[in-house]
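Note sheet for the following structure.
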Amino acid sequence: QADDGIRYTSVTGVQTCALPIYIIAGEPLEPLRLLATAARHHMLGNTAEADKVLDMMIEKYSGKADKLIALAYAMRGAPDETLKWLQSAVDSEGPQTLVASWYTPSFNILNGDPRWERMLADAGLSKQQLAAIDFDFTLPE
């Protein structure tokens, strides 16, 4: 626990922190507020509360915020559920939804998973596909 009262933890190999509830309460977008609340409870070890908030998020935002639901599962270190919800996001929003996921630290739990690699390749975002893009240009002087 840090001097500022925020509990720091590393769920996915990335240093994260459980934000104070007053900061989370100020988030105007409910899906993001629910994500932050579920993550906070999970980080603090309040599994029942984290599950309750995640269930509420799924009930209210399934089909509308599937990528955020995937992120909640990624923060828990649950690759199967993460991939399920990412696929749902791709199905409803298109493959472009994976662009930010590719470099979001919480999704690092998927690195090396052949299902993730297939999903990225299907979206044109595999490491090999990105490396093959020709970025030959000249900077203005």
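The values are calculated or read from the model by the stated rules, or taken from the named source; none is laboratory data. These numbers were taken from a predicted model, which means no experiment stands behind them. We place every Cβ from the backbone using ideal geometry, glycine too, and count neighbours over all the protein chains shown. With ligands, DNA and RNA removed, areas are computed over all heavy atoms of the protein, side chains included. Shrake-Rupley method; radii C 1.70, N 1.55, O 1.52, S 1.80 Å.
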Computed lengthening from Asn108 to Leu139, 0.36 nm per intervening residue step minus Cα-Cα distance: 7.9 nm
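Where only protein heavy atoms count, and the probe is 1.4 Å, what is the accessible area per residue for region 77-141 in Å²? Could the numbers behind the result be given before it?
Numbers: 4270 Å² over 65 residues.
Here the per-residue accessible area is 66 Å².
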Only Lys, Arg (+1) and Asp, Glu (-1) charged, at Cβ; region 74-141 dipole about Cα centre in debye: 300
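Roughly speaking, what is the stretch gain from Asp80 to Gln128, that is 0.36 nm per residue apart minus the C-alpha to C-alpha distance, in nm to one decimal?
On the way: separation 48, 0.36 × 48 = 17.28 nm, distance 2.39 nm.
Full extension from Asp80 to Gln128 adds 14.9 nm.
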Carbon + sulfur, % of accessible area of region 80-124 - ligands and nucleic acids excluded, 1.4 Å: 53
Cα centre as origin, Lys/Arg/Asp/Glu Cβ charges: region 17-139 dipole, Debye: 240
Contour minus Cα-Cα distance for Thr47 and Arg118 (0.36 nm per residue): 22.4 nm
